[in-house]
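What follows draws every value from the coordinates through simple rules; no lab data is involved. What you are looking at is a predicted structure, and each value in this text was computed from that prediction instead of being measured. Glycine also receives a Cβ, built like all others from the backbone with ideal geometry; neighbour counts cover every protein chain displayed.
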Amino acid sequence: MPIPTELVGSLPRPMKLQEAYADYDEGKISFEDLQGAQDEAAADSIKRLEATGEPIVTDGEQRESSFATYNLTDTLAGTGLADGLAGDGQFFAIFDDGHHRQLPRITKGPFRYKTYASEFVAKNRALASHPVKQAVISPSMMMLLYPLEGEIDGYSRDQFLEDCVNEAEKDIRQCFDAGAVRVSVDFTEGRLANKNDARNPWTGKNMLQEFIDLNNRLFERFTAEERRNIGIHTCPGGDCDSVHSKEVPYELLLEHMFDMNAGYFLIQCASEDDRETIYEMCGKYSREDANGVGQVCFMGVINPLSPEVETAEHVRDELLTAAKHIPVQRLGATDDCGFSPFSRDVKPQHGSPDFARDVAMQKISARLEGAAQASQELGV
């Protein structure tokens, strides 16, 4: 079988859509007007992805506030925040360029999603001629909504974590029921958990193992056959062309990440200085049998933070190097991260989100062609 290739999830949102989000926050347009702008950008995303030949498509998360909060609020500014949440939660991440992203704070139980990703899947299936995937948020990210110390009166941490897992399971199952063929779980908090940033208290709490254990509570609810199509995505962040944890030694995550019983992993690598070492670690730590499923390593061969377009030959050569360390039947190709995981991102290194959208399609085309060339070279 040829080397499989898959998009992480998000694409740059056109400036017209970003302006619609801002106008909605300011009360200048209705939610129906915002949805119209989302639908237009989603349809364009699917059409353009299909034109590249991408085998499994998404709407580029045009309908989402962000990969981390689509289930909680309508916008990043907190318009439409779900009941039982306050907008003054802790920072999820502080990025290298100085900007930050903040999570809500849970104030009472039970914890329930406001929006399930299956809503996006259903709309996208109606637009797409190719199969559709969906990225969803992890229980471990939702874990950060709860206070780091103490408990909420009448709503224990244990009750909250059980609700997190229940809601994540519901989100994934409903995506499959709506027609998704793949669901990937975003886990960018994994590498960040080893940063120990004094400005961001949760990163100093040694929470990586707690994250992994909580996510495995989710995965144990699915059969091996189901988990073949449930993935984990990891990266050191990707927002406004900046990152939040790339300086953290990758091995601190990779030596533990594959303990999660996901069927495949979407792994940032293209932006690493020493990529072959990453391939070696993925070959070493990924498992041929993760509770009944072989773990496929989709290696990042495209850097969404850079406007420089990789060549197909570069992608081919990276995959050929990766195949020296990762069994070819468990090797895939992806992009390092979503191209714009948050709905407000003007892509400063690119000059504009509209230009970045064009660049993203060129990069995706290079990934597809490079994976095809590598497959031919490897005889698969």
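What to note about this one:
- Flag if Asp163 is over 26 Å from Phe298 (Cα atoms), buried (at least 16 other Cβ atoms within 10 Å of the Cβ), out of contact with any strand residue (DSSP E or B) (no Cβ under 6 Å at 6 or more places or on another chain) and not aliphatic (A, V, I, L, M): yes
- Failed item in (1) part of a loop (DSSP other than H, G, I, E, B); (2) of a type in the set (Gly, Ala, Ser); (3) surrounded by fewer than 16 Cβ atoms within 10 Å (Cβ to Cβ); (4) at negative phi, with Gly36 passing the rest: (1)
- Filter result for Ser375 (over 18 Å from the mean Cα position of the chain (by Cα), surrounded by 17 or more Cβ atoms within 10 Å (Cβ to Cβ) and of a type in the set (Ser, Thr, Tyr)): yes
- Test result for Thr334, assigned to a strand (DSSP E or B) and polar (S, T, N, Q): yes
- Residue list for region 230-246, filter: within 22 Å of Val301 (Cβ to Cβ), of a type outside the set (Ser, Thr, Tyr) and more than 15 Å from the chain's Cα centre (by Cα): Asp241, Lys246
- Contact annotation: residue pairs with Cβ atoms under 6 Å, 6 or more positions apart or on different chains, pairing a residue in region 355-380 that is over 15 Å from Phe339 (Cβ atoms) with a partner that is of a type in the set (D, E, K, R) and buried (at least 21 other Cβ atoms within 10 Å of the Cβ), are Gly370/Arg316; Gln373/Arg316; Ala374/Arg316.
- Selection from region 281-301 of residues that are small (Gly, Ala, Ser), within 19 Å of Asp336 (Cβ to Cβ) and buried (at least 18 other Cβ atoms within 10 Å of the Cβ): Ser286, Gly300
- Every residue from region 235-280 that is buried (at least 23 other Cβ atoms within 10 Å of the Cβ) and part of a strand (DSSP E or B): Asp239, Tyr264, Phe265, Leu266, Ile267
- Those residues of region 310-331 which are surrounded by fewer than 17 Cβ atoms within 10 Å (Cβ to Cβ) and assigned to a loop (DSSP other than H, G, I, E, B), in sequence order: Thr311, Lys324, Pro327
- Residues in region 341-375 that are within 18 Å of Glu54 (Cα to Cα) and of a type in the set (S, T, N, Q): Gln362, Ser365, Gln373, Ser375.
- Matching entry among Pro104, Pro139 (being touching a Gly at 6+ places or on another chain (Cβ under 7 Å) and buried (at least 20 other Cβ atoms within 10 Å of the Cβ)): Pro104
- Within region 197-221, residues that are closer than 21 Å to Glu255 by Cβ sit with their Cβ atoms under 8 Å from residues that are basic (Lys, Arg) and in a loop (DSSP other than H, G, I, E, B), at 6+ positions apart or across chains, in these pairs: Thr203/Lys195.
- Conditions (1) within 27 Å of Arg367 (Cα to Cα); (2) over 17 Å from the mean Cα position of the chain (by Cα); (3) hydroxyl-bearing (Ser, Thr, Tyr); number of the one not met by Thr73: (1)
- Within region 1-30, residues that are part of a helix (DSSP H, G or I) reach partners that are loosely packed, with under 15 Cβ neighbours inside 10 Å and aromatic (Phe, Trp, Tyr) with beta carbons closer than 8 Å, at six or more positions or on different chains, in the pairs Tyr24/Phe31.
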